[in-house]
Structure formats: structure tokens, C-alpha cells
1. If you go through the stretch 123-149, how many residues are loosely packed, with under 15 Cβ neighbours inside 10 Å and either touching a Ser or Thr at 6+ places or on another chain (Cβ under 9 Å) or more than 20 Å from SER280 (Cβ to Cβ) (or both)?
2. Identify the single condition in (1) surrounded by 23 or more Cβ atoms within 10 Å (Cβ to Cβ); (2) in contact (Cβ under 8 Å) with a residue 40 or more places away in the chain that VAL81 does not satisfy, given that it satisfies every other one.
3. Which of the residues spanning the stretch 53-106 are within 12 Å of the chain's Cα centre (by Cα) and modelled with pLDDT of 95 or more?
4. Tally time: how many residues in the stretch 322-345 are over 18 Å from HIS273 (Cβ atoms) and part of a strand (DSSP E or B)?
5. Within the stretch 50-64, is even one residue hydroxyl-bearing (Ser, Thr, Tyr), part of a helix (DSSP H, G or I) and under 28 Å from ILE334 (Cβ atoms)?
6. Only one of these is within 24 Å of ASN169 (Cα to Cα) and crowded, with 18+ Cβ neighbours inside 10 Å: ALA269, ALA353. Name it.
7. May I ask you to say which residue of VAL236, VAL247 is among the hydrophobic types (A, V, I, L, M, F, W, C), loosely packed, with under 14 Cβ neighbours inside 10 Å and over 30 Å from ILE13 (Cβ atoms)?
8. Answer yes if at least one residue in the stretch 41-60 is within 29 Å of GLN133 (Cβ to Cβ), touching a residue at least 60 places away in the same chain (Cβ under 8 Å) and in contact with a Cys (Cβ under 8 Å, 6 or more places away or on another chain), and no otherwise.
Amino acid sequence: MEAIYCQGCGAEIQTEDKSKIGYAPPTALEREEVICKRCFRLKHYNEVQDVDMGASDFLKILDQISSYEGTIVNVVDIFDVHGSFIPSIHRLVGNKPVILIGNKVDLLPKSTNLNKVKQWMRKVAKDFGIQVQDIFLVSSVKGTGMNEVAFELEKIRKGKDIYVVGCTNVGKSTFINYLISKNVENQEVITTSYFPGTTLGFIDIPLDETSSMIDTPGVVNAHQMAHLLSDNDLKVVTPKKEIKPRVYQLNQGQTLYIGGLARIDIDNADEKHGYICYFSNELTIHRTKQENADRLYEDHLGEMLSPPGENTLRNWPELEAHTFTLNSSMDVVISGLGWVKVPEKGVRVKVYAPKGVKVMLRDPII
Ligand code: GDP
């Protein structure tokens, strides 16, 4: 079949994979002007939809964006900041101003110090090689903080385009749809191909006569826990409501299992302390003795220790150990899963997480 390109975003049309760029149902091919499902939804329902692209495709478009003028809006999942940063984001940014959006603020407990979260996010951005102009913590589902974002963006962009970038699942579509619902009134949102012949899957949402908000495909980040999980397990792991902290009084030699997805051993501690766990309320936490922990995992993974459920277990990697000795109270963060606040200095913890999933320390945010 001869290649057909979407009249909206320029992506090559395919009829196989709904989650990928350029998908259109076979019936759409009979029309004279073919547009992909994503552009169709935007055109008729004023709503963007999620499509994915691999990191290597993303690298291809980096250089192109870097040569355009405009403002970059980088959306990350506040519950998984490291995991949801685009690794090569600095290449895309160039000299453009960057606004960092920490989405899903509604999931953090009310007692969270949001200023600390912002400071920490600024540091993470720096580690990824970008200097951000401003950081906003928002809930694009609830609308929290979104007016401030819209106001600031209008100021910063100085009439130029806005590029919205992010990994899959951070809530980029929800974020854009919120802005569209507030700002775009009764107009045909989509224009014809803004980047002719590029097959990039950029979608152009006009802001005024001369500038646009551009939705870029979501980047699939291999280090995210989400890619290891079946849809069902992902539902359990992804918090839907404000997280309720769970406190465990633990001695040296005790172990916590977070479902069967991760394990935390108190390897060395001079006395009993309260360890505060911040994970999806639906995830079961089991306490056991370190000496029994391996057996428990062998005998009960996928049953008592679940998720991982059956579908996830088909490709489940080994757990890999990370050891930390803390100089002060710190959060031990398991990317894409949550974190444990270790209360005292001098404690040594051994954290087991699936191979490839990042585990790190940060100053406590609560
Ligand atoms: P995208 O892949 O980045 O476009 O992400 P989506 O917009 O499809 O959102 C991914 C998931 O996160 C969906 O289940 C959304 O309902 C959820 N989500 C998006 N924004 C928020 C938010 O502000 N708060 C919460 N709790 N969930 C959100």
C-alpha cells in the first residue's frame, strides 16, 4: 500500500496500533482527506488524545524542535519526577524558556511542603541539564493551579508558540485538554499540517492568529515501572486519591514488601523507628523478618505478594538491591511506585526494586 499521511499532523497513517502515532480506523482511508484518529478527535471534539513514541523516534525530532522558537512546557508526574523526565530534554530546549509542570498534585498528602517539592524539582531539572524559568504544581484533573499556569504562559511566550512535551502517562493530554476547554472557544481547533511532510505527529492547536500550542507525542521512558506492569497492576500502583501515609515501627532485621514489587530491609539501625510509607492506598504492604523474606518471595509472589499479577509475571525481572546509609532523615524513592521516609540518621536500608527501575534518596518532602 502506498503511504498516506495525515492531513492534520503529517504522521504516516497506520491502521494497526491505536496507541501509536498515525492510527486511523480502516474506514477513514476511504475518505478523500485522511486524518488520524487523534486529529479527528481534536477537530470534532476539541480534545487531544494520547499517542506514544519510542525514545529513538523522539531523538529524531529533537533537533527539529530545537531549531524552532517558542516556549517549552515540560509536564512531569509529581509522583514520579525522575521516572517521568525525558532523558534528553536538554537537547530539545536549547535557548528556549522552559516551564516545568508537576502534574497530579492532588495525590500528595495535604501536609506536603510544596515549596520543598518545587526546590527539589528544580534540582532534578538541573541534573537533567535544564534551567527552568518557573515550576507549577497542578492537578489537571481538578484544575488546581491551572489558571496560574495559563496566566504565566501568556506572559512568558510573548506571542510565540508553546511546545508541550512529556513522557507517557504524566497527564499531558489531560493538561492540554484543560487548557483547551478554558481558552479555545467554538473554533475549529486543528489547522492543516503545521510541519508539512515531517511525519512527526505534532498537533497544532491555534492560540491566536500567529501562534499555537503544539502537542508532541508522549515519550516512552524505559526506566518507568509502568512498562513492567499489566494494565490491571498499573491501576493498583497508580494512586487515584490523596495518598494516606502508613507508618511501620521497625527494628533492624525487619523487612517490608510493597506488594511483591519492591522490598525494603532495615539492615542496620540502633533502635526501633517509625518508617512512613507513601504508596497508592490500594497497594498492600507486608511486614516480615529479613531472614524469612527470600522464602516468602519464592513461595508467595503473585499471590499474597501482589501485584505483580499473572500477566505482569510473564516478563517480570529480578529484584536488584540498592543499599543506602543515611546521614539524616531522608525519603527513599522507588521510581513510579512511591517512597518511604526513613526517620533517623545512621540507618542502613537495603531496597530491592525490579532491575532497571531507579531507586534514590532525597530530602524529605513531608
Ligand atoms: P498522557 O499519556 O501524558 O497524555 O496522560 P493522560 O492525560 O492520558 O493521563 C494519564 C493518567 O493520569 C490518566 O489515568 C489520568 O486520569 C491521570 N491524570 C492526569 N492528570 C491527573 C491529575 O492531575 N491528577 C490525577 N490524580 N490523575 C491525573
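1. Qualifying residue count for the region: 9.
2. Answer for VAL81: the failing condition is (1).
3. Correct list: ASN74, VAL75, VAL76, ILE101, GLY102, ASN103, LYS104.
4. Our first condition is that a residue be over 18 Å from HIS273 (Cβ atoms); within the stretch 322-345, this holds for 322, 333-338.
Filter once more, keeping what is part of a strand (DSSP E or B): 322, 333-334, 338.
Summing the residues that are over 18 Å from HIS273 (Cβ atoms) and part of a strand (DSSP E or B) in the stretch 322-345 gives 4.
5. yes
6. Numbers: ALA269 fails: within 24 Å of ASN169 (Cα to Cα).
Checking each option against the conditions leaves just ALA353.
7. Values: VAL236 fails: loosely packed, with under 14 Cβ neighbours inside 10 Å.
VAL247 is the lone residue from the list that is among the hydrophobic types (A, V, I, L, M, F, W, C), loosely packed, with under 14 Cβ neighbours inside 10 Å and over 30 Å from ILE13 (Cβ atoms).
8. no
The values are calculated or read from the model by the stated rules, or taken from the named source; none is laboratory data. Just so it is clear, the model here is predicted, and its values are computed rather than measured. Because the Cβ atoms are built from the backbone with ideal geometry, glycine has one as well, and the counts that use them run over all protein chains shown.
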